[in-house]
Structure formats: C-alpha cells, structure tokens
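Student: Sharing a structure here in structure tokens format.
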Amino acid sequence: MGMHEQPAADDGDALIRMEGVNKVFGNFTALSDVSIDVREGEFLTLLGPSGSGKSTTLMCLAGFETPTRGRILYRGEDVTRLSPEKRGLGVVFQGYALFPHMTVAENVGYPLVVRKVPKAERDANIRAMLSTVGLGGYEDRRIQGLSGGQQQRVALARALIFGPKLLLLDEPFSALDRSLRGEMQSELARIHKELGTAFVFVTHDQDEALSLSDRIAVFNKGKMEQVASPSDIYEAPASTFVAGFVGKTNLLDVTDLVAGNGNGLYRARYGDVEIICKGPEHLAHAGSGKLSVRAEEAELHASAPASADLNAIKVRLLRSVYFGGWVEALLEDSAGKLFSVRLTTTRARHTGLQDGRDYWLSWPKGTGYLVPA
Ligand SMILES: Nc1ncnc2c1ncn2[C@@H]1O[C@H](COP(=O)(O)OP(=O)(O)O)[C@@H](O)[C@H]1O
Ligand SMILES: [Mg+2]
C-alpha cells in the first residue's frame, strides 16, 4: 500500500463517493485525483492549509462546482452533473448567508417553504429544530439582533431542517472568537450525535479537526494525502506533510532501515545512532526514510540517559520559549539538524534549561513514526 492509497475500493456502504476528481480553473489545477468516501452518519473533516482544495472539494460534493474529470456518486448513483437543489444536501458556508430582513423562524423555515411543506408542519419542525440547535423560543427574533454564535446556529438549523442525509460545512466557525468557537464545536458534536446525519466539515485548524472528527482527510496542494481516524493521522502519518501539518514534529533523515518480524517496528540509523521506531510495512524495502518524532514525545537530559529503552542524541540548546504550561526548546545536533522539544514547565525547571549548554535528547525506543522521504 502506498501513501496515496485510497479507502474507496472496499467501502461498499458509502453515502457519497468522490472518484478520481480533478478540478481545473483556467490552467490551474485546484484538485488532482481526489477519491474519497463519506460514510453514513460519520463526521468527516477536510483539513489542510489555505488554498489546498478543501472548499473546491466541498463545492463539488454540493454541486456548486462540476469536476473537470472524475465522478461523484450518491449511494451508487452518478450525480456528477446534478444541480445542487436536486442533491438535497445541507450546506453551511463560511459567511452565514442568512436573509437579514427575515425572522429566525422565516430563515430556518425557508427550505420547507421551497419544498411546499404545509404551515402547521413547518412551524412544528422549526420549533423542534430551533430547540435542537439551542435556540428554543427565538422564532420571532430578527437576525440583526443575534450574536455571531446565534447566527451560526440559525444557519445550522436552516441547513438541517429538511432532513438532509449529508451536511456540508465550510469553516463555519472561523469568524468566531476562540471561546465561542470552542462552545460551537461542542454544540456541533452534540447535534451530530443527536441527528446521526453525516457531516463533512472543512477547517484549516488541526485541533478542531482532531477533536471533532471520526475521520480526517488531509489536503495539500489539491491532493488528498491521507484519510484516517484522528489518532492514525497523528500517530501514523502517511507523509512528511501530514506529520508536519498536524502537531509539531521533528523529521530526521534515517537510513539502513530494517523491518522487524511483522511487529511494526524498524531498526534504523540516524548518523551514527541506532534507533528503534515504528513504521508502515510498505517501507520495508525503502532503505531510507524520514522519522517523525513528536515535539512532546521527546525529553531532555543534562547527562547521557542510562536507560537502554531510549533513543538518544546529543544536542545543544539554542533557546527556549515559555508558553505557560509548557516550554519549547530549540536544539541543534552536531550535524546542524534543528530539533524542537516541548516540555511541561515543571519538567523544564527540573532539567534546568540554559542556552548554549549540551543536553541529551531522548525518546522511547519503539516510538517515532517512519514516513517516506
Ligand atoms: N473559481 C475559481 N477560479 C479560479 N481559481 C479558483 C477558484 N476557486 C478556487 N480556486 C483556486 O483553487 C485553489 C484551491 O481553492 P480552495 O478549494 O478554495 O482552497 P481551500 O478551501 O483549501 O482554502 C486556490 O488556489 C484557489 O485560488
Ligand atoms: Mg476554503
């Protein structure tokens, strides 16, 4: 299995499947061979830096953009060229896009008016949906008088009221301040659980992605580099990009890879130091690779650690930065390679950090994860 392995092939119960989608704007390729399945009821997050193709992917799923090549299937049926209205998916855009002159109830009920749902049924649904999003009793309020968080709840209610099988959300909380964002994230998780509707959520915020998702698809320059559970994305990244984008990591050039006997472990060499680490099976014949060692996985010691269970490298402390609960130490080894280590503040005080001094940087044998160079 290669790093661009796609999960599609054996996933028979996909709600929506994107197959080999390319999207070209003029002579710019915004999406290149993206294949992804959205499963019934899951919370799937598209994560990546600005411009990596997340919104374009979402717009192709919604039907507001048409792929240049490739297909989109809804429960096996080709909807690649079907209009957004006929797909019947809920969408929450980056801006709230509410109707400012209408009340909360009129905004939320709009999709039901379009679908010609009788008034009594409509009112009951609006009441129930407003209660679901935590806005019970807000029916007659004006949009202008609402806070950003409340407007976002209205947008959610409007996107969900007609019972879509899939809700698409494009960075819905990016305009909210940090504490409100946290509150809305918990609310979204609760609503997802309550309704059981599949959500496809776009964000560039790794913490948001890790904390909310069943699965995360990581995008880079129009390509999907990995789709996996949050813990697999973090602990078994498929590429140097994924390792570096999610969390803070150190990427070491390692050589002389020797795979263990099916135990997921490798022996490798960094300079003249022998290292034991984890890695995917498919690197067994690669010979060399990059070893991702998480900043919080490493420790510093004033003298050479005695334990045989640690990988250890001699380094010099360039400087350290205080972050309250933790301290980030920037270090350099004799080969000029820079390392970043995150220590709890207690631990840093105990070690005694002094710029210019030599330390031993260690991390447990069997941790650290190999990615293709
Ligand atoms: N309608 C368009 N015309 C031209 N270029 C576009 C258009 N939409 C998106 N792009 C380009 O495609 C790339 C991916 O955009 P987008 O999917 O919006 O990225 P993201 O949502 O990850 O920030 C960007 O470089 C963007 O400028
Ligand atoms: Mg975007």
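The values are calculated or read from the model by the stated rules, or taken from the named source; none is laboratory data. Fair warning: this is a prediction, and the values are worked out from it, not measured in the lab. Note: ideal-geometry Cβ built from the backbone for every residue, glycine included; neighbour counts use all protein chains shown. Just the protein is used for accessible areas: all its heavy atoms, side chains included, with ligands, DNA and RNA removed. Shrake-Rupley method; radii C 1.70, N 1.55, O 1.52, S 1.80 Å.
Student: So, in segment 93-112, exactly how many residues are at pLDDT 95 or above and of a type in the set (A, V, I, L, M)?
Tutor: Total satisfying the criteria: 4.
Student: Counting only residues that are of a type outside the set (A, V, I, L, M) and touching a helix residue (DSSP H, G or I) at 6+ places or on another chain (Cβ under 8 Å), which one in segment 57-78 is farthest from Leu89 (Cα to Cα)?
Tutor: Just the residues of segment 57-78 that are of a type outside the set (A, V, I, L, M), to begin with: 57, 60, 63-71, 74-78.
With the extra rule that they be touching a helix residue (DSSP H, G or I) at 6+ places or on another chain (Cβ under 8 Å), the set shrinks to 63-67, 74.
Working: Gly63: 9, Phe64: 11, Glu65: 14, Thr66: 16, Pro67: 18, Tyr74: 11 Å.
Out of the qualifying residues, it is Pro67.
Student: Suppose the filter is modelled with pLDDT under 95, more than 29 Å from Leu331 (Cα to Cα) and touching a strand residue (DSSP E or B) at 6+ places or on another chain (Cβ under 7 Å); does Gly247 pass it? Outline the logic, then answer.
Tutor: Working: modelled with pLDDT under 95: yes; more than 29 Å from Leu331 (Cα to Cα): no; touching a strand residue (DSSP E or B) at 6+ places or on another chain (Cβ under 7 Å): yes.
The answer is no for Gly247.
Student: Quickly run through segment 338-373 and pick out the residues that are in a loop (DSSP other than H, G, I, E, B) and closer than 17 Å to Leu265 by Cα. Step through it out loud before you land on a result.
Tutor: First, the residues of segment 338-373 that are in a loop (DSSP other than H, G, I, E, B): 352-357, 365-368, 372-373.
Matches in segment 338-373: Lys365, Gly366, Thr367, Gly368, Pro372.
Student: Go through segment 137-172 and give me each residue that's part of a loop (DSSP other than H, G, I, E, B), over 21 Å from Lys119 (Cα atoms) and among the charged types (D, E, K, R). So that I can check it myself, show each step before the final result.
Tutor: Narrowing segment 137-172 to residues part of a loop (DSSP other than H, G, I, E, B): 137-141, 146-147, 161-165, 171-172.
Filter again for over 21 Å from Lys119 (Cα atoms), leaving 146-147, 165, 171-172.
Passing the criteria: Lys165, Glu171.
Student: So, of the residues in segment 345-373 that are open to solvent by 80 Å² or more (accessible area, probe 1.4 Å), touching a strand residue (DSSP E or B) at 6+ places or on another chain (Cβ under 6 Å) and not basic (Lys, Arg), which turns out to be farthest from Tyr322 (Cα to Cα)?
Tutor: Of everything passing the filter in segment 345-373, Ala373 is farthest from Tyr322 (Cα to Cα).
Student: Let me ask something else about it. Look at Asp140 and say whether it is open to solvent by 20 Å² or more (accessible area, probe 1.4 Å) and assigned by the TED database to the domain that holds Gly41.
Tutor: Details: open to solvent by 20 Å² or more (accessible area, probe 1.4 Å): yes; assigned by the TED database to the domain that holds Gly41: yes.
In short, yes.
Student: Out of everything in segment 322-334 that is on the phi < 0 side of the Ramachandran plot and open to solvent by less than 40 Å² (accessible area, probe 1.4 Å), what residue ends up being nearest to the chain's Cα centre (by Cα)? Steps first, please.
Tutor: Going through segment 322-334, the residues on the phi < 0 side of the Ramachandran plot turn out to be 322-323, 325-334.
Still in the list and also open to solvent by less than 40 Å² (accessible area, probe 1.4 Å): 327-329, 331, 333.
Working: Val327: 25, Glu328: 24, Ala329: 26, Leu331: 29, Asp333: 32 Å.
Selected residue: Glu328.
Student: Go through segment 75-86 and count every residue that is open to solvent by less than 50 Å² (accessible area, probe 1.4 Å) and either touching a strand residue (DSSP E or B) at 6+ places or on another chain (Cβ under 7 Å) or within 16 Å of ligand 2 (Cβ to nearest atom) (or both). First the steps, then the outcome.
Tutor: Going residue by residue through segment 75-86, those that are open to solvent by less than 50 Å² (accessible area, probe 1.4 Å) are 79-80, 83-84.
In the following step, the residues that additionally are either touching a strand residue (DSSP E or B) at 6+ places or on another chain (Cβ under 7 Å) or within 16 Å of ligand 2 (Cβ to nearest atom) (or both) were identified as 79-80.
Residues that pass the stated criteria total 2.
Student: Could you please find all residues in segment 198-212 being open to solvent by 10 Å² or more (accessible area, probe 1.4 Å) and among the small types (Gly, Ala, Ser)?
Tutor: Ser211, the sole residue that qualifies.
Student: Follow-up. Could you identify the single residue in Leu318, Leu300, Leu330, Leu353 that is more than 24 Å from Ile233 (Cβ to Cβ) and touching a helix residue (DSSP H, G or I) at 6+ places or on another chain (Cβ under 6 Å)? Before the answer, list the steps.
Tutor: Values: Leu318 fails: touching a helix residue (DSSP H, G or I) at 6+ places or on another chain (Cβ under 6 Å); Leu330 fails: touching a helix residue (DSSP H, G or I) at 6+ places or on another chain (Cβ under 6 Å); Leu353 fails: touching a helix residue (DSSP H, G or I) at 6+ places or on another chain (Cβ under 6 Å).
Checking each option against the conditions leaves just Leu300.
Student: Sort out which residues of segment 36-71 are within 16 Å of ligand 2 (Cβ to nearest atom), of a type outside the set (Phe, Trp, Tyr) and either open to solvent by 60 Å² or more (accessible area, probe 1.4 Å) or outside the structural domain of Val227 (by the TED database) (or both), and write them in order of number.
Tutor: The answer is Ser50, Gly51.
Student: Also, I was wondering about something else. Take residues that are open to solvent by 60 Å² or more (accessible area, probe 1.4 Å) and not aromatic (Phe, Trp, Tyr) and tell me which of the strands (runs of 3 or more DSSP E) falling wholly in segment 217-321 contain 2 or more. I'd like the intermediate steps shown before the answer.
Tutor: Numbers: elements: 223-228, 249-259, 265-270, 273-278, 289-294, 299-301.
Ranges flagged: 249-259, 265-270, 273-278.
Student: Which condition does Val91 not pass, out of (1) more than 16 Å from ligand 1 (Cβ to nearest atom); (2) open to solvent by less than 50 Å² (accessible area, probe 1.4 Å); (3) under 17 Å from Gly163 (Cβ atoms), if it passes all the others?
Tutor: Among (1) more than 16 Å from ligand 1 (Cβ to nearest atom); (2) open to solvent by less than 50 Å² (accessible area, probe 1.4 Å); (3) under 17 Å from Gly163 (Cβ atoms), Val91 violates only (1).
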